[in-house]
1. Could you list all residues from region 7-39 that are open to solvent by 50 Å² or more (accessible area, probe 1.4 Å) and either among the polar types (S, T, N, Q) or not in a loop (DSSP other than H, G, I, E, B) (or both)?
2. Suppose we filter Ala76, Ala62, Ala80 for residues that are at pLDDT 95 or above, farther than 16 Å from Thr148 by Cα and of a type outside the set (S, T, N, Q); which single one remains?
3. Being open to solvent by 50 Å² or more (accessible area, probe 1.4 Å) and out of contact with any helix residue (DSSP H, G or I) (no Cβ under 7 Å at 6 or more places or on another chain) is the filter here, so list the residues in region 99-114 that pass it.
4. Hey, among Ala98, Ala77, which residue is of a type in the set (A, V, I, L, M) and out of contact with any Asp or Glu (no Cβ under 9 Å at 6 or more places or on another chain)?
5. Please count how many residues of region 120-152 are under 17 Å from Gly89 (Cα atoms), surrounded by 15 or more Cβ atoms within 10 Å (Cβ to Cβ) and of a type in the set (Asp, Glu).
6. What number of residues within region 40-67 are touching a residue at least 60 places away in the same chain (Cβ under 8 Å), touching a strand residue (DSSP E or B) at 6+ places or on another chain (Cβ under 6 Å) and either farther than 24 Å from Ala22 by Cα or outside any loop (DSSP other than H, G, I, E, B) (or both)?
Amino acid sequence: MSVSARLAELGIELPPVAAPVAAYVPAVVHDGLVYTSGQLPFVDGALPTTGKLGAEVTAEDAKTYARTCALNALAAAADAAGGVDRIAGVLRLGGFVASVPEFSGQPGVINGASEVLGEIFGDAGRHARAAVGVPVLPLDSPVEVEVTFILA
């Protein structure tokens, strides 16, 4: 099944590629891979919330934002690769969670990104991963995700 058919089956519509907030491009194709820049959970060009996990943002909400970040990353990768059906799978995912020092649930938050990529790509969506807690992210976003995709 093609990636576009799988997205349709899941009822997922990829968002428009988010405009960069600084001096970079959303994704770069190199040697059979697509590297995405860090993607924030933009919805219609805006962050749904700001703040830190363990303070203003709940882990459950942040998991949803991580899912959005992953879909934004897939949209950026598809745009750079010439279409979503040129993406064959996921190699690595890096997730960053803005959190208070006492919060230690970063892996559960980033599961939001990993799980949606698994739903879309099946076994080809299994990936290496890092889930890191940080004091602050760009625009005070609660999460940021970067993904390395494999080209078909």
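1. Passing the criteria: Ala8, Glu9, Leu10, Val28, Val29, His30, Tyr35.
2. One residue alone meets the criteria, Ala62.
3. Pro101, Glu102, Ser104, Pro107
4. Working: Ala98 fails: out of contact with any Asp or Glu (no Cβ under 9 Å at 6 or more places or on another chain).
Criteria check complete, one pass: Ala77.
5. 1
6. 4
The values are calculated or read from the model by the stated rules, or taken from the named source; none is laboratory data. Nothing here was measured: the structure is a model prediction, and the numbers come from that model. FYI the Cβ positions are ideal-geometry reconstructions off the backbone, even for glycines, and counts take in every protein chain you see. Accessible surface areas use protein heavy atoms only, side chains included; no ligands, DNA or RNA. Shrake-Rupley method; radii C 1.70, N 1.55, O 1.52, S 1.80 Å.
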